[in-house]
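Please read the structure below before turning to the comments.
The values are calculated or read from the model by the stated rules, or taken from the named source; none is laboratory data. What you are looking at is a predicted structure, and each value in this text was computed from that prediction instead of being measured. Cβ: placed from backbone, ideal geometry, glycine included. Neighbour counts: every protein chain shown.
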Amino acid sequence: MKYGQGVASGQPGTRGITLWTRVEGLDRTSRLQVEVSPDEDFRRIVARNDVMAEQARDFTIHTRVTRGLRPGEQYFYRFYTCMDENSQVGRFRTARPADSREPVRIGFFSCQEYGSGFYTAHAALAREADLDLVIGLGDYIYERVFERNPIRSDTTGANRDGEVQTLPEYHEKYNLYNADPELIRMRASHPMMAIWDDHEVEDNYAREKPGEATRQVRIPFLQRQRNGYDAFFDHMPRIRVRKDPDQIFGRIGLGGSADVFLLDQRRFRDDQACGDEFAVPCGEQDDPGRTLLGQDQKRWLLDGLAASRATWKIVGNQVMIMALDVPRGNALNPDQWDGYAAERAELLNFIRDRGIEDVSFVTGDIHTFFAGNVSPTGRQNEVRLPEAVATEFVGGSISSKGIFDQAGGEGGRDVTAFPSDQGVFINNPHIRFSNQSFKGYGVLEAGPEELRVAYRAVRTTQARESEPFTLAEFRVARGRPEVEVVRAPTTGPQPLPLVP
């Protein structure tokens with residue numbers, strides 16, 4: 001037997017954790033065991049479970065450990081067979097108790113198309129110290145190959161061209177991605193919770209409507225969607241909800257310093273406005289009947305934010321909630337909250353009117369590092385009007401390319417990206433940081449008096465090794481929804497100064 005995709009943990013609670021692995025070399029459902037210890041050498045065992053590698057779930061194992069664990073403690077775990085064939089060792093930390101005021105550290109990432117580059121950023125994320133949780137913000141896999149000049153081959157799918165539609169094909173896709181050695185290290189190092197965006201099923205789909213990005217339709221879209229969802233749950237360290245087995249939205253309490261709210265912005269959304277065309281103005285995006293979250297999820301989020309007693313409310317958000325205008329006042333992308341402007345206003349007006357402080361969105365999707373202030377309109381002018389009620393940190397991508405990677409390549413992207421970043425600041429005064437040049441991830445630390453966020457980047461994803469560096473650092477003071485840029489590149493574009 002082999003554990004070619006390593007191990008993973010997720011859904012951390014104060015006294016519980018979900019553990020995952022996949023076993024290769026089986027031809028039928030088989031029994032294994034998992035053990036948990038506070039010692040890396042497993043001198044003391046605090047929990048041991050019998051587990052099943054289920055054939056129907058691609059021989060993956062999901063088990064919830066709820067005995068022998070204490071809040072806020074680090075543990076190690078491994079799977080093994082009766083023949084003492086051990087998996088690699090994984091590590092996790094249980095959630096801190098609700099009355100804890102210790103700082104909470106959270107990593108976040110998104111968008112890792114396999115052929116676009118190597119997972120050099122995951123190598124750095126695996127080495128981050130003392131992360132309580134890593135959040136995957138969507139596009140964990142890509143259902144087809146979008147990269148025009150792939151650096152490594154994706155030959156999954158019936159036609160071996162990287163496009164997957166059936167359940168075995170989606171399983172094959174996850175098996176390809178999860179076998180990457182750097183992703184294996186990251187998943188073993190920290191508990192992880194992933195939420196899907198669109199590429200886990202099909203690019204730009206909305207609710208039960210396909211995104212029409214498929215080269216060759218081989219099965220009905222609803223069956224494809226079912227296959228994508230099932231494969232996602234098979235390969236993620238999480239237990240499905242009995243009442244709604246497709247539910248990914250939910251809350252994770254990490255102690256008194258932070259509550260994490262994870263959203264689903266695909267399964268319940270109305271179709272994208274304006275024909276899903278970039279920078280095409282139309283009145284549809286302001287329609288008060290349009291929803292990104294759906295009524296039940298929206299009510300859950302509003303109630304949860306109002307009830308939270310944690311210092312920081314961190315919202316795991318697939319698509320950008322700040323406006324992104326080109327030119328000013330003209331929304332660029334209807335696939336993000338700009339295409340659902342009335343619901344954005346409803347959410348942020350609720351936060352303002354209820355006096356809910358210290359809300360920060362962490363976001364993926366757009367392959368760019370942004371940071372800024374969130375108002376009910378999504379916008380501010382140079383004197384910070386309308387006033388912000390939250391902040392947002394958009395964490396770039398692990399490997400997926402943006403506009404300037406495609407246009408100029410790694411050697412020329414800075415030349416074209418820097419002027420574009422300056423255009424972002426001119427058209428969007430609420431955005432305090434923009435970098436379209438580098439790939440990487442974010443790390444936030446939620447403390448008693450401030451939120452600190454760092455963007456980590458790598459010089460290249462076109463080689464298997466690349467030295468990571470801190471691209472930028474930010475601070476948000478408690479009770480004041482304003483992103484302060486603590487450290488940023490000294491060359492290139494800078495945000496516009498505040499006009500008194």
Somewhere in segment 334-343, is a residue in contact (Cβ under 8 Å) with a residue 12 or more places away in the chain, of a type in the set (Asp, Glu), crowded, with 22+ Cβ neighbours inside 10 Å and assigned to a helix (DSSP H, G or I)? yes
Quick one: Asp270 ticks every box in (1) surrounded by fewer than 21 Cβ atoms within 10 Å (Cβ to Cβ); (2) more than 21 Å from Glu200 (Cα to Cα); (3) in contact with a helix residue (DSSP H, G or I) (Cβ under 8 Å, 6 or more places away or on another chain) except a single one, so which number is it? (2)
Between residues in segment 170-183 that are under 14 Å from Val7 (Cβ atoms) and residues that are part of a helix (DSSP H, G or I), which pairs lie under 7 Å by C-beta distance while being six or more apart or on different chains? Leu183/His122; Leu183/Tyr177
Note on segment 419-458: residues of a type outside the set (Asp, Glu), more than 20 Å from the chain's Cα centre (by Cα) and farther than 22 Å from Gln380 by Cα are Gly447, Pro448
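Could you check segment 14-33 and list, in sequence order, the residues that are part of a loop (DSSP other than H, G, I, E, B), buried (at least 17 other Cβ atoms within 10 Å of the Cβ) and in contact (Cβ under 8 Å) with a residue 60 or more places away in the chain?
Initially, segment 14-33 is screened for residues part of a loop (DSSP other than H, G, I, E, B), giving 14-16, 23, 25-29.
Right, trim to buried (at least 17 other Cβ atoms within 10 Å of the Cβ) and you get 14, 23.
Selection gives Thr14 alone.
Report whether or not Asp264 is closer than 27 Å to Ala310 by Cα, surrounded by 15 or more Cβ atoms within 10 Å (Cβ to Cβ) and either among the small types (Gly, Ala, Ser) or touching a Phe, Trp or Tyr at 6+ places or on another chain (Cβ under 7 Å) (or both).
So Asp264 fits the description; yes.
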Just give me the residues in segment 202-227 being closer than 19 Å to Gly115 by Cβ and at pLDDT 95 or above, in sequence order. Glu202, Asp203
Here are the criteria: (1) outside any helix (DSSP H, G or I); (2) touching a helix residue (DSSP H, G or I) at 6+ places or on another chain (Cβ under 7 Å). Tell me which single one Asp39 does not satisfy. (2)
What are the pairs, 6+ residues apart or on separate chains, where a residue within segment 194-217 that is more than 18 Å from Ala231 (Cα to Cα) has its Cβ under 6 Å from a residue that is surrounded by 18 or more Cβ atoms within 10 Å (Cβ to Cβ) and modelled with pLDDT under 95? Asn204/Gly211
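Residues Arg148, Arg160, Arg144, Arg152: which one is assigned to a loop (DSSP other than H, G, I, E, B) and at pLDDT below 95?
From the options Arg148, Arg160, Arg144, Arg152, the qualifying one is Arg148.
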Restricting to segment 228-253, name every residue that is modelled with pLDDT under 95 and under 22 Å from the mean Cα position of the chain (by Cα). Val241
Scope segment 49-72; condition closer than 21 Å to Leu183 by Cα, free of Cβ contacts under 8 Å to residues at least 60 places away in the same chain and not in a strand (DSSP E or B); matching residues: Phe59
Sole exception among (1) without any contact (Cβ under 8 Å) to a residue 12 or more places away in the chain; (2) in contact with a strand residue (DSSP E or B) (Cβ under 9 Å, 6 or more places away or on another chain) for Ala258, by number: (1)
Only one residue in Ala188, Ala213 is in the same structural domain as Glu172 (by TED's automatic domain parsing), of a type outside the set (Val, Ile, Thr) and either surrounded by fewer than 17 Cβ atoms within 10 Å (Cβ to Cβ) or not in a helix (DSSP H, G or I) (or both), so which one is that? Ala213
For residues that are surrounded by 24 or more Cβ atoms within 10 Å (Cβ to Cβ) and over 30 Å from Glu202 (Cβ atoms), scanning just segment 389-404, find the one that is nearest to the chain's Cα centre (by Cα). Thr391
Checking the conditions here, which among Val36, Val51 is over 18 Å from Glu24 (Cα atoms), surrounded by 16 or more Cβ atoms within 10 Å (Cβ to Cβ) and in the same structural domain as Gly13 (by TED's automatic domain parsing)? Val36
Condition (residue is modelled with pLDDT of 95 or more, of a type in the set (Ser, Thr, Tyr), outside any loop (DSSP other than H, G, I, E, B) and crowded, with 23+ Cβ neighbours inside 10 Å) applied to segment 437-446: is it met by at least one residue? yes
Looking at segment 280-308, which of its residues are surrounded by 14 or more Cβ atoms within 10 Å (Cβ to Cβ), of a type in the set (Gly, Ala, Ser) and outside any helix (DSSP H, G or I)? Gly294, Ser308
Hey, Gly364 modelled with pLDDT under 95, closer than 30 Å to Glu465 by Cβ, surrounded by 24 or more Cβ atoms within 10 Å (Cβ to Cβ) and touching a Gly at 6+ places or on another chain (Cβ under 7 Å) or not: no
Are any residues in segment 234-255 surrounded by fewer than 23 Cβ atoms within 10 Å (Cβ to Cβ), farther than 24 Å from Arg96 by Cα and touching a residue at least 12 places away in the same chain (Cβ under 8 Å), and if so, which ones? Asp234, Pro245, Asp246, Gln247
Does Glu357 meet the test of being surrounded by fewer than 23 Cβ atoms within 10 Å (Cβ to Cβ), under 23 Å from Gly447 (Cβ atoms) and not aliphatic (A, V, I, L, M)? yes
